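Step one of this worksheet: look at the structure below.
The values are calculated or read from the model by the stated rules, or taken from the named source; none is laboratory data. From a predicted model like this one, the values you see are computed outputs, not experimental measurements. Every residue, glycine as well, gets a Cβ built from its backbone with ideal geometry; the counts of neighbours run over all protein chains shown. With ligands, DNA and RNA removed, areas are computed over all heavy atoms of the protein, side chains included. Shrake-Rupley method; radii C 1.70, N 1.55, O 1.52, S 1.80 Å.
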Amino acid sequence: MASLLKGFRSFAFKDDLITAAVGLVMALATFELIQAIVEGLLTPVIAAIVGEPGFFELYFTIGEAVFAYGPVLNAAITFLGTAAVVYFLVVVPYKHYQDRRGAPAETRPCPECTSSISVAAKRCPNCTSAVVPAS
(Lines give C-alpha, C1' and ligand atoms only; values in the text may rest on other atoms or scores of the structure.)
Protein backbone atom coordinates (compact mmCIF):
# COMPACT_ATOMS: atom_id res chain seq x y z
CA MET A 1 0.00 0.00 0.00
CA ALA A 2 2.85 2.39 0.83
CA SER A 3 4.49 1.84 -2.56
CA LEU A 4 1.15 2.46 -4.26
CA LEU A 5 0.79 5.82 -2.48
CA LYS A 6 4.44 6.65 -3.20
CA GLY A 7 3.88 5.91 -6.89
CA PHE A 8 0.76 8.07 -6.97
CA ARG A 9 2.55 10.93 -5.21
CA SER A 10 5.40 10.68 -7.70
CA PHE A 11 2.91 10.76 -10.58
CA ALA A 12 0.80 13.61 -9.19
CA PHE A 13 3.65 15.93 -8.29
CA LYS A 14 6.10 15.45 -11.14
CA ASP A 15 7.14 18.65 -12.86
CA ASP A 16 5.64 17.71 -16.23
CA LEU A 17 2.19 17.03 -14.75
CA ILE A 18 2.28 20.28 -12.79
CA THR A 19 3.38 22.15 -15.94
CA ALA A 20 0.56 20.58 -17.94
CA ALA A 21 -1.97 21.48 -15.24
CA VAL A 22 -0.76 25.09 -15.10
CA GLY A 23 -0.86 25.26 -18.90
CA LEU A 24 -4.44 23.97 -18.93
CA VAL A 25 -5.55 26.44 -16.28
CA MET A 26 -3.93 29.31 -18.19
CA ALA A 27 -5.50 28.15 -21.46
CA LEU A 28 -8.95 28.05 -19.86
CA ALA A 29 -8.44 31.49 -18.32
CA THR A 30 -7.31 32.85 -21.70
CA PHE A 31 -10.36 31.33 -23.37
CA GLU A 32 -12.68 32.91 -20.79
CA LEU A 33 -11.02 36.29 -21.31
CA ILE A 34 -11.32 36.07 -25.08
CA GLN A 35 -14.93 34.93 -24.80
CA ALA A 36 -15.74 37.92 -22.57
CA ILE A 37 -14.02 40.31 -25.00
CA VAL A 38 -15.93 38.84 -27.94
CA GLU A 39 -19.33 38.84 -26.20
CA GLY A 40 -18.90 42.15 -24.40
CA LEU A 41 -17.01 44.26 -26.92
CA LEU A 42 -16.52 42.75 -30.35
CA THR A 43 -19.98 41.28 -30.97
CA PRO A 44 -21.80 44.53 -30.09
CA VAL A 45 -19.53 46.46 -32.49
CA ILE A 46 -20.19 43.97 -35.29
CA ALA A 47 -23.91 43.96 -34.45
CA ALA A 48 -23.98 47.78 -34.59
CA ILE A 49 -22.30 47.74 -37.99
CA VAL A 50 -24.71 45.10 -39.28
CA GLY A 51 -27.66 46.90 -37.71
CA GLU A 52 -28.74 44.22 -35.24
CA PRO A 53 -29.09 44.82 -31.47
CA GLY A 54 -27.11 41.66 -30.72
CA PHE A 55 -26.44 38.20 -32.08
CA PHE A 56 -28.08 36.20 -29.29
CA GLU A 57 -31.55 37.14 -30.50
CA LEU A 58 -30.94 36.04 -34.11
CA TYR A 59 -33.04 33.06 -35.16
CA PHE A 60 -35.32 31.74 -37.86
CA THR A 61 -38.19 29.29 -37.77
CA ILE A 62 -39.32 26.50 -40.01
CA GLY A 63 -42.74 25.35 -38.94
CA GLU A 64 -42.55 24.87 -35.19
CA ALA A 65 -38.75 24.50 -35.08
CA VAL A 66 -36.69 27.50 -33.95
CA PHE A 67 -33.09 27.72 -35.21
CA ALA A 68 -31.07 30.14 -33.05
CA TYR A 69 -28.00 30.94 -35.11
CA GLY A 70 -26.92 33.97 -33.06
CA PRO A 71 -25.09 31.93 -30.40
CA VAL A 72 -23.38 30.01 -33.22
CA LEU A 73 -22.09 33.32 -34.64
CA ASN A 74 -20.78 34.27 -31.18
CA ALA A 75 -19.06 30.89 -30.84
CA ALA A 76 -17.49 31.27 -34.30
CA ILE A 77 -16.17 34.73 -33.44
CA THR A 78 -14.84 33.39 -30.11
CA PHE A 79 -13.13 30.52 -31.93
CA LEU A 80 -11.51 32.84 -34.46
CA GLY A 81 -10.47 35.23 -31.70
CA THR A 82 -8.94 32.41 -29.67
CA ALA A 83 -7.13 31.06 -32.72
CA ALA A 84 -5.76 34.52 -33.53
CA VAL A 85 -4.54 35.09 -29.97
CA VAL A 86 -2.88 31.67 -29.82
CA TYR A 87 -1.26 32.17 -33.21
CA PHE A 88 0.01 35.71 -32.69
CA LEU A 89 0.90 35.49 -29.00
CA VAL A 90 2.17 31.89 -28.80
CA VAL A 91 2.99 30.34 -32.18
CA VAL A 92 4.67 33.32 -33.88
CA PRO A 93 6.91 34.20 -30.88
CA TYR A 94 7.78 30.53 -30.40
CA LYS A 95 8.77 30.15 -34.06
CA HIS A 96 10.82 33.34 -33.82
CA TYR A 97 12.51 31.96 -30.70
CA GLN A 98 13.23 28.65 -32.45
CA ASP A 99 14.70 30.47 -35.46
CA ARG A 100 16.94 32.62 -33.25
CA ARG A 101 18.01 29.55 -31.30
CA GLY A 102 19.04 27.84 -34.50
CA ALA A 103 16.62 24.93 -34.25
CA PRO A 104 16.74 22.81 -37.38
CA ALA A 105 13.87 23.22 -39.81
CA GLU A 106 11.49 20.28 -40.18
CA THR A 107 10.38 21.26 -43.69
CA ARG A 108 11.87 22.86 -46.78
CA PRO A 109 10.53 23.93 -50.15
CA CYS A 110 10.53 21.44 -53.03
CA PRO A 111 13.00 22.71 -55.66
CA GLU A 112 10.52 21.88 -58.45
CA CYS A 113 7.07 22.95 -57.25
CA THR A 114 8.06 25.00 -54.12
CA SER A 115 5.53 23.16 -51.91
CA SER A 116 6.59 22.41 -48.34
CA ILE A 117 8.19 18.97 -47.90
CA SER A 118 10.01 17.19 -45.09
CA VAL A 119 13.77 17.77 -44.85
CA ALA A 120 14.21 13.99 -45.03
CA ALA A 121 12.05 13.58 -48.16
CA LYS A 122 13.55 11.81 -51.17
CA ARG A 123 10.51 12.51 -53.36
CA CYS A 124 8.01 15.37 -53.30
CA PRO A 125 4.53 14.08 -52.44
CA ASN A 126 2.94 16.85 -54.53
CA CYS A 127 4.80 16.86 -57.83
CA THR A 128 6.57 13.48 -57.32
CA SER A 129 9.96 14.92 -58.28
CA ALA A 130 12.99 13.18 -56.85
CA VAL A 131 14.78 15.46 -54.38
CA VAL A 132 18.02 15.12 -52.47
CA PRO A 133 17.41 14.83 -48.70
CA ALA A 134 18.77 17.78 -46.75
CA SER A 135 21.71 16.94 -44.55
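Once you have the Kirkwood Rh of the chain from its Cα pairs, apply Stokes-Einstein at 10 °C and 1.306 mPa s and quote D in µm²/s.
Diffusion coefficient, whole number: 78 µm²/s.
Report, by chain and number, residues whose modeled amide H sits under 5 Å from the one on ILE117, excluding near sequence neighbours (fewer than 5 apart, same chain).
ARG108, CYS110
Could you give each residue of segment 27-39 its phi-based ³J(HN,Hα) in whole Hz, using Karplus coefficients 6.51, -1.76, 1.60 with θ = phi - 60°, and x for Gly or Pro?
My calculation for segment 27-39 gives 5, 5, 5, 5, 4, 4, 5, 5, 4, 5, 5, 5, 6 Hz in order.
Taking the Cβ-Cβ separation of VAL132 and TYR97 as r and a Förster radius of 25 Å, what is the calculated FRET efficiency to the nearest 0.05?
0.30
Helix-derived [θ] at 222 nm for the chain: sum -39500 (n - 2.57) over DSSP H runs of at least 4, divide by residue count, nearest 500?
Helix-only estimate at 222 nm: -16500 deg cm²/dmol.
Please report, as a whole percent, how much of the solvent-accessible surface of segment 30-135 comes from carbon and sulfur atoms (probe radius 1.4 Å).
Carbon and sulfur together cover 65 percent of it.
Give me the accessible area per residue for the chain, probe 1.4 Å, as a whole number in Å².
Computed with neighbouring chains in place, this is 78 Å² per residue.
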